[in-house]
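One structure below.
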Amino acid sequence: MKVLGIESSCDETGVAVYDTHIGGAAGLRAHAVYSQIALHAEYGGVVPELASRDHVRKLLPLIRQTLAEAGLGMGDIDGVAYTAGPGLVGALLVGAGVARSLAWALDVPAIGVHHMEGHLLAPLIEDDAPQPPFVALLVSGGHTQLVAVDAIGQYRLLGETLDDAAGEAFDKTAKMMGLPYPGGPQLAKLAESGTPGVFKFSRPMTDRPGLDFSFSGLKTQVLLAWKGSDQSAQTRADIARGFEDAVVDTLAIKCARALDAAGCGTLIVAGGVGANKRLRAKLTEMCERRGGRACFPRPALCTDNGAMIAYAGALRLVAGQHEDATIRAVPRWDM
Ligand code: KG4
Ligand code: ZN
């Protein structure tokens, strides 16, 4: 089955074709992402109305481009998957409306996918991917969750953030230190020239049992350190490094606990923060020390993309799941 995937939940228009007959990483015949970063940069965050309008402008050209790259015509598509939520409702409606209309015109099934399930399944696109059971760490701009994956579609929430998501903490901290939007990757880059240990921030909620997270206090600690410092370029880098180490250590401690709780050796990591180099190195080392393994999608499939939606939708469509022709857009939705 050749499934067209469409992602438009926030500020990235993503399109992909996943071919289940080929499978594995090669099954991803083509994928393209158009990022709206430049459009929102001057506002310091995503402006929902501008996001929707830009999805309208970019989606059809991106579908044409992706099909051409895959060497396919519109008529070769056997199914369409789209992000049905959670996300910005106007942005979701653009993807859902286009997906449903295409499916209707081509007389093929369409299916709405949960954005976080898309993220969760992205590591499985890669060759040598693990099969469940495993523990998944979902770390994006809107979510920080530890999930026990007993089987595809069978998810148990083990822990989640009580306030800011890890990506949100990166973004807010970066903004506070005057870094341009989007802050997460900028802060990570700055941290590369920082010295570890010069600024030591707490590892929130690791001093007590449990698998929940809290990152909002960390932001305040950084603000106080930043305000009380000389604010030189090196100090900024040292603070960035201190912050990144605190987030990475906290995530690693909780992941180890979650693996213990689930009696599992394999951890998969997904979502935008999964692109963070230090997090990838730390979790790889932690899992290997325990005799297990940590699996990540390539960085381009950590952040929002159409490939994860094509893949998640393909698994469901191949399993014979169908939906009626309703255009689904669900802004708030538990996985
Ligand atoms: O999954 P994603 O693309 O969108 C959501 O569904 O939220 O994640 C975006 C988040 C942003 O908060 C961004 O700052 C963060 O992922 N992010 C990073 C890095 N790359 C993206 N955070 C830390 N280090 C990175 N290298
Ligand atoms: Zn996402």
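Its Cα gyration tensor gives the range 77-234 an equivalent ellipsoid; the semi-axes, largest first and in whole Å, are 37, 21, 14.
Highest GNM mean-square fluctuation among 319, 96, 122, for the chain modelled with Cα contacts below 10 Å: 319.
Restricting attention to the range 167-262, which trypsin sites (Lys or Arg not before Pro) occupy a DSSP loop and are surrounded by at most 13 other Cβ atoms within 10 Å?
Taking the range 167-262 and a limit of 13 other Cβ atoms within 10 Å, the loop trypsin sites (Lys or Arg not before Pro) found are 200.
Here the Karplus curve 6.51 cos²θ - 1.76 cosθ + 1.60, taken at θ = phi - 60°, turns the phi angles of the range 139-144 into couplings of 10, 10, x, x, 9, 9 Hz, with x standing for Gly and Pro. Principal axis analysis of the Cα atoms in the chain yields extents of 62, 47, 31 Å, listed in decreasing size. A Cβ-based charge dipole, computed about the Cα centre of the range 131-296 with Lys and Arg at +1 and Asp and Glu at -1, lands at about 220 debye.
Our helix-only sum for the chain, with -39,500 (n - 2.57) per DSSP H run of n ≥ 4 divided by its residues, gives a mean residue ellipticity at 222 nm of -13500 deg cm²/dmol. Of the GluC sites (Glu not before Pro) found in the range 6-60, those in coil by DSSP whose Cβ has at most 12 other Cβ atoms within 10 Å are 42. Legend: residue pairs 172/227; 254/277; 2/254, Cα-Cα distance threshold 26 Å; pairs beyond threshold, 2/254. Taken about its Cα centre, the chain carries a charge dipole of roughly 600 debye when the Cβ of each Lys and Arg holds +1 and the Cβ of each Asp and Glu holds -1.
Give, as ranges by residue number, the residues of the range 48-72 whose backbone N falls under 20 Å from the point 7 Å along Cα→Cβ of residue 22. The answer is 62-72, whose backbone nitrogens lie closer than 20 Å to the label point.
The 3J(HN,Hα) values that the Karplus relation (6.51, -1.76, 1.60; θ = phi - 60°) gives for the range 109-122 are, in residue order, x, 10, 9, x, 10, 6, 3, 6, 5, x, 4, 4, 8, 3 Hz. Gly and Pro appear as x. For a straight C-alpha distance cut-off of 18 angstrom, the aspartates and glutamates reachable from residue 200 (same-chain residues fewer than eight places away being disregarded) are 192, 230, 238, 244, 245, 249.
Restriction of the chymotrypsin sites (Phe, Trp or Tyr not before Pro) in the range 19-94 to DSSP coil positions whose beta-carbon has at most 14 other beta-carbons within 10 angstrom yields 43.
Computed from Cα positions, the angle between helix 166-176 and the longest principal axis of the chain comes to roughly 60 degrees. Of the residues 50, 137, 279, the one that moves most in a GNM of the chain with alpha-carbon contacts below 10 Å is 50. Which of 126, 323, 69 ends up with the largest GNM mean-square fluctuation for the chain, with Cα atoms connected below 10 Å? Judging by the Gaussian network model, the answer is 323.
Bear in mind these aren't lab numbers, they're just calculated from the coordinates by the rules spelled out. Predicted, not measured: the structure shown is a model, and the values here were computed from it. Glycine also receives a Cβ, built like all others from the backbone with ideal geometry; neighbour counts cover every protein chain displayed.
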